[in-house]
Amino acid sequence: MMLACARCFHRQEAGETCGACGAEAIFDLRSQAARDLFDGNEARARRARDGRIRMISAITAVAAMVGLFAIFGALNLVPRRGAIVLVLAPAVGVELLLEKLLGRGKASILEGLPPAELP
Ligand SMILES: [Zn+2]
């Protein structure tokens, strides 16, 4: 048996309810229709997750930028020109790096499955 929960994507061998979240949304992954459903659900979950990651990364980058500006300011190292580039460039780097690090999602539960046996 190849069953999976449509709500939290937990996979299990048997049972009517999900062993992880308790939802009664267990589907048989041998069926192509169930796989199509999971495909859509996973895509939605991935988009929501990507949005959260982008928000966290952006907030962290802004915090880093403010911190850098405060440190350089306290040390009287803020140049009259180009100050914004001095803090903006590392902040953009931080944002991109975080998005990359946090964005490493887990693989689809449909990955590595044999071909569907049921329509
Ligand atoms: Zn579940």
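Here are the numbers for this structure:
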read-out	value
Residue list for the stretch 101-119, restricted to those being surrounded by 11 or more Cβ atoms within 10 Å (Cβ to Cβ) and modelled with pLDDT under 80	Gly103, Gly105
Test: residue in the stretch 91-107 that is charged (D, E, K, R) and within 16 Å of the ligand (Cβ to nearest atom)	yes
Among (1) at pLDDT 90 or above; (2) exposed (fewer than 14 other Cβ atoms within 10 Å of the Cβ) - the single one Phe27 does not satisfy	(2)
Hits in the stretch 1-51 - residues which are more than 14 Å from the ligand (Cβ to nearest atom), part of a loop (DSSP other than H, G, I, E, B) and of a type in the set (Lys, Arg)	Arg30
Residues (among the aliphatic types (A, V, I, L, M), under 17 Å from Ser108 (Cβ atoms) and without any contact (Cβ under 8 Å) to a residue 40 or more places away in the chain) located in the stretch 1-19	Leu3, Ala6
Flag if Leu98 is surrounded by fewer than 17 Cβ atoms within 10 Å (Cβ to Cβ) and more than 30 Å from Pro119 (Cα to Cα)	no
Filter result for Ala61 (assigned to a strand (DSSP E or B) and surrounded by 15 or more Cβ atoms within 10 Å (Cβ to Cβ))	no
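The values are calculated or read from the model by the stated rules, or taken from the named source; none is laboratory data. Quick caveat, the model's predicted, so the values are computed rather than measured. Backbone-built Cβ (ideal geometry, glycine too); neighbour counts: all protein chains shown.
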